[in-house]
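Right, one structure below, let's go through it.
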Amino acid sequence: QVQLVESGGGLVQPGGSLRLSCAASGSIFSINAMNWYRQAPGKQRVLVAAITGGGNTNYANSVKGRFTISRDNAKKSVFLQMNSLKPEDTAVYYCNAQILSSPSWTFRDYWGQGTQVTVSS
């Protein structure tokens, strides 16, 4: 059973920083793309940052220059360093990954449970 578990959310003042972590566990053979999404109250879930298996990254325009996505393939983990946080960054952040695992032996999408990030003074 593949699981993604996020950590690192919380309450931070505007201009502050947080680092989110997401670790995958289970009978995993390979992990392709790893992504961070967020969903603000009353809004759709949107892609914030993505990183390929080879380390290529992509960011939403709203977070470029402030957020950095990285991964540790040995630890099956992805991270999101968030700097210069703004109130509009407030949302539930979700980890997502395309994972090849047994017994299906096909790449499937998996999601974490989400972690709340609140930016407020």
Of the conditions (1) basic (Lys, Arg); (2) under 26 Å from Gly15 (Cα atoms); (3) surrounded by 12 or more Cβ atoms within 10 Å (Cβ to Cβ), Lys43 clears all except one; give me its number. (3)
Mind counting the residues in region 83-114 that are open to solvent by 20 Å² or more (accessible area, probe 1.4 Å), assigned to a strand (DSSP E or B) and farther than 15 Å from Met34 by Cβ? 1
Kindly evaluate Ile51 against the criterion of being over 13 Å from the mean Cα position of the chain (by Cα) and either aromatic (Phe, Trp, Tyr) or surrounded by 13 or more Cβ atoms within 10 Å (Cβ to Cβ) (or both). no
Which of (1) open to solvent by 70 Å² or more (accessible area, probe 1.4 Å); (2) modelled with pLDDT under 95 is the odd one out, the single condition Asn58 does not satisfy? (2)
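Could you list all residues from region 68-96 that are of a type in the set (A, V, I, L, M, F, W, C) and within 9 Å of the chain's Cα centre (by Cα)? First the steps, then the outcome.
Going residue by residue through region 68-96, those that are of a type in the set (A, V, I, L, M, F, W, C) are 69, 74, 78-80, 82, 85, 91-92, 95.
Result: Ile69, Val78, Phe79, Leu80, Cys95.
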Here are the criteria: (1) open to solvent by 40 Å² or more (accessible area, probe 1.4 Å); (2) out of contact with any Lys or Arg (no Cβ under 8 Å at 6 or more places or on another chain); (3) part of a strand (DSSP E or B). Tell me which single one Ala74 does not satisfy. (3)
I need every pair where a residue in region 103-121 that is among the aliphatic types (A, V, I, L, M) has its Cβ under 7 Å from the Cβ of a residue that is assigned to a loop (DSSP other than H, G, I, E, B), sequence separation at least 6 or different chains. Val117/Gly9; Val117/Thr90; Val119/Pro14; Val119/Leu85; Val119/Lys86; Val119/Thr90
Filtered residues of region 26-64 (kept if in contact (Cβ under 8 Å) with a residue 12 or more places away in the chain, among the polar types (S, T, N, Q) and part of a strand (DSSP E or B)): Ser30, Asn32, Asn35, Gln39, Thr57
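Among the residues of region 1-25, write down those that are open to solvent by 70 Å² or more (accessible area, probe 1.4 Å), under 30 Å from Pro103 (Cβ atoms) and either among the β-branched types (Val, Ile, Thr) or not in a strand (DSSP E or B) (or both). Write out each step before concluding.
First, the residues of region 1-25 that are open to solvent by 70 Å² or more (accessible area, probe 1.4 Å): 1, 3, 5, 11, 13, 19.
Filter once more, so that each one left must be under 30 Å from Pro103 (Cβ atoms): 1, 3, 5.
Listed by number, the residues that qualify are Gln1, Val5.
Do you know which of the residues in region 8-29 that are among the polar types (S, T, N, Q) and at pLDDT 95 or above is farthest from Phe67 (Cα to Cα)?
As a first pass, look at region 8-29 and keep what is among the polar types (S, T, N, Q): 13, 17, 21, 25, 27.
Restricting the remaining residues to those that are at pLDDT 95 or above gives 13, 17, 21, 25.
Working: Gln13: 16, Ser17: 9, Ser21: 13, Ser25: 25 Å.
Out of the qualifying residues, it is Ser25.
The values are calculated or read from the model by the stated rules, or taken from the named source; none is laboratory data. These figures come from a predicted structure and were not determined experimentally. Cβ coordinates were reconstructed from backbone atoms using ideal geometry, including for glycine residues, and neighbour counts include every protein chain displayed. SASA here: full protein model, heavy atoms, side chains in, ligands and nucleic acids out. Shrake-Rupley method; radii C 1.70, N 1.55, O 1.52, S 1.80 Å.
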